[in-house]
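The values are calculated or read from the model by the stated rules, or taken from the named source; none is laboratory data. A quick note: this is a predicted structure, and the numbers were derived from the prediction, not measured. Neighbour counts run over all protein chains shown; Cβ positions are idealised from the backbone, glycine included. These accessible areas exclude ligands, DNA and RNA; they are computed on the full protein's heavy atoms, side chains included. Shrake-Rupley method; radii C 1.70, N 1.55, O 1.52, S 1.80 Å.
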Amino acid sequence: LPSDEPEPIKNASNRVLHRRSAPENDQRFWLRRIHEITRDLLELEEDEPVARGYGPQEMPQEIDINLNSKGHSSARVLNDLAMVARMTPKTSSRRFFNQLFAGRDGIATAAEILTTVLNSSMYTHKIAGINANIEDEVIQGLLPLVGFNQGDGSFFPGGSISNLVSLVLARENARTKMGSAERVSLDKFTAYTSECCHYSVVKNASITGIPRENVRKIPVDSKGRMSPEALSRKISEDKKSGFHPFLISATSGTTVIGAFDPLTDLADLAQEHGLWLHVDAALGGGVMFSKKQGHLLNGVKRADSLAWSAHKMMGVPLSCSVLLVKRRGALEECLAAEADYLFQAEDQSMDFGQKSIQCGRRNDALKLWSAWRHRGSNGMAARVDRLFELAQLTAKKIAANPELELAIAPDSINVCFRTLHSDPAEVCSRLAEEQSVMVGHAKVHGKSVIRVPHVNPDITEEDIDFLLSSIVEIDAACAR
Ligand SMILES: Cc1ncc(COP(=O)(O)O)c(C=O)c1O
């Protein structure tokens, strides 16, 4: 052996367990380099908080991304990765207001990196080890916050998929209640959600065998909340026409307005008609931590399931979503299946593969647990309260600005407003082109608006002022 060959690793009985990898295969080499690239990225985010935009068919000259048969040197690929970091839209800078996630929670990001290095799979305790206990700790911590004291939950890859599973649970619940004699075709199943629902509700219906048009979009009030009266009328009408209502999918924190549906009224209707009540709290679920804002979820304990994406308001890296269910066992009834090659332990109480869609499942709990463990529930609440305060501050500034028009006084963290001179879509794309800020547009009550979600607690009043003054300036420039 060459003299610099590392000593083999031996166990207590002097048995050679393995040899250290040769330096060129050493993972530490790659991880160190990636550490350097991310360090540079954090600095760049300060200097250039908005990356230059490229169209889908445009390839920047500085990089080629073609794959070939021979491969490339490590130096070349590392250089490519550094370029990718530089060119990627910067969702974590204080100039990013485009989506319902933003910013970077330090500890959650660090835990996410560790998650990748650990590369666990959460299907069995044998493989996930303590990470399964941690996932359970998070679920058990969330359940009482929504009043599901006998409940359970599982992590799914995003709010859309959590909503999908709620539809499956609701469908199976309805079928079980029906009995075999009165089986109704899925073509007759109807689900109820609001006009402001997330688009996943509609596509999920078709995935579960229910026609898209059987998702009834119930009108909302001026604040974007589902109207219980209109819902009641539609359910009765459908029943008379031979349909089989099975699900109310409420939204707590709608995608554009950030509205919270009136859960108590919806729970009354769900109870009256024997329907499953799901709460899509992907965006707004974080209020469960807050004494100040928790009232927005009043009535939630009467729901059957709730989806929450911690990668939105809580700033945990994508993706981190849970589906909580009121009745323990409900998930397994729909998602468990036999697999003797996988589920082999005597104690399978933490073999969570029986309540997930995936087989191999990444560990999304560790990053949320790390943030929660570090800050405590009080810190989680403080974050949510800060986001609400920031939204109020933005709304106040818009209301006081004669060049802008508030579309709706916000009840939560999204602020929607109109520009006076040009189309919000044009303003948003000009802002991105000029690399000043990234912000998106949408429609409220049929009219185009700019939507500013407040999901990054690190933004300051100065950032809000910069955002609004940039919008006003570009609005005027577009009109010229
Ligand atoms: C109300 C609502 N539900 C569900 C989703 C989907 O969540 P995810 O992006 O985690 O799939 C979103 C996303 O914006 C949302 O706003």
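Computed from the Kirkwood radius of its Cα pairs, the Stokes-Einstein diffusion coefficient for the stretch 227-311 at 4 °C and 1.567 mPa s stands at 98 µm²/s.
What do you get for trypsin sites (Lys or Arg not before Pro) in the stretch 211-254 restricted to DSSP loop and a cutoff of at most 15 other Cβ within 10 Å of the site's Cβ? Sites meeting the loop and neighbour criteria: Lys223.
Loop-located GluC sites (Glu not before Pro) in the stretch 329-373 (DSSP state other than H, G, I, E, B) with a sparse environment of at most 13 neighbouring Cβ atoms within 10 Å: Glu338, Glu346. In terms of the mean number of neighbouring beta-carbon atoms within 10 Å, the peptides 40-47, 470-477, 161-168 order highest first as 161-168, 470-477, 40-47. Rounded to the nearest 20, the Cβ-based charge dipole of the stretch 101-209 about its Cα centre (Lys and Arg +1, Asp and Glu -1) stands at 400 debye.
Every pair of different Cα atoms in the stretch 110-154 enters the Kirkwood calculation, which places the hydrodynamic radius at 11.6 Å.
Counted residue by residue at 0.36 nm each, then reduced by the alpha carbon distance between them, the extension gain from Val184 to Asn68 reaches 36.3 nm. Available extension along the chain between His295 and Leu41 is 87.5 nm, counting 0.36 nm per residue and deducting the alpha carbon span. Dividing the helix sum by the residues of the chain, where each DSSP H run of 4 or more adds -39500 (n - 2.57), gives a mean residue ellipticity at 222 nm of -12500 deg cm²/dmol. Applying both filters, DSSP loop and at most 10 other Cβ atoms within 10 Å, to the chymotrypsin sites (Phe, Trp or Tyr not before Pro) of the stretch 268-349 gives Tyr341. Solvent-accessible area of the chain (1.4 angstrom probe, protein heavy atoms only): carbon and sulfur portion equals 50 percent. Rg and Dmax of the stretch 88-194, both derived from C-alpha coordinates alone, stand at 19.4, 59 Å.
Where does the Debye-calculated log10 I(q)/I(0) of the stretch 286-418 sit at q = 0.13, 0.15, 0.20 Å⁻¹, using only Cα point scatterers of equal weight, no solvent? After summing over all Cα pairs, the log10 values are -0.74, -0.90, -1.23.
Under 29 Å between alpha carbons, and skipping anything fewer than 8 positions from Lys396 in its own chain: which lysines qualify? Counting by Cα, and skipping residues close in sequence, Lys396 has these lysines nearby: Lys90, Lys223, Lys291, Lys292, Lys312, Lys443, Lys447. Enclosing the Cα atoms of the stretch 56-145 in their convex hull gives a volume equal to 210 cubic angstrom per residue.
Taken over the chain, the percentage of Cα pairs per 20 Å bin, counting from 0 up to the bin with the maximum distance, is 21, 49, 26, 4, 0. Spin-label pair Gln392-Lys10: with each label point 7 Å from Cα along the Cα-Cβ axis, the two points sit 6.9 nm from one another.
Tell me whether the stretch 177-255 comes out rounded, prolate or oblate; compute the Cα gyration tensor, take square roots of the eigenvalues as a ≥ b ≥ c, and use a/c under 1.5 as the rounded threshold. Because a/c hits 1.5 or more and a/b fails to exceed b/c, the stretch 177-255 counts as oblate. Remark: the chain carries 49 Å² of accessible area per residue (probe radius 1.4 Å; ligands, DNA and RNA excluded). Would you list, by chain and number, the lysines whose Cα falls below 22 Å from the Cα of Lys188, excluding same-chain residues fewer than 8 positions away? Here the lysines satisfying the reach criterion relative to Lys188 are Lys177, Lys203, Lys217, Lys234, Lys239, Lys240. Extension gain for Glu434 to Met59 (0.36 nm times residue separation, less C-alpha to C-alpha distance): 133.1 nm.
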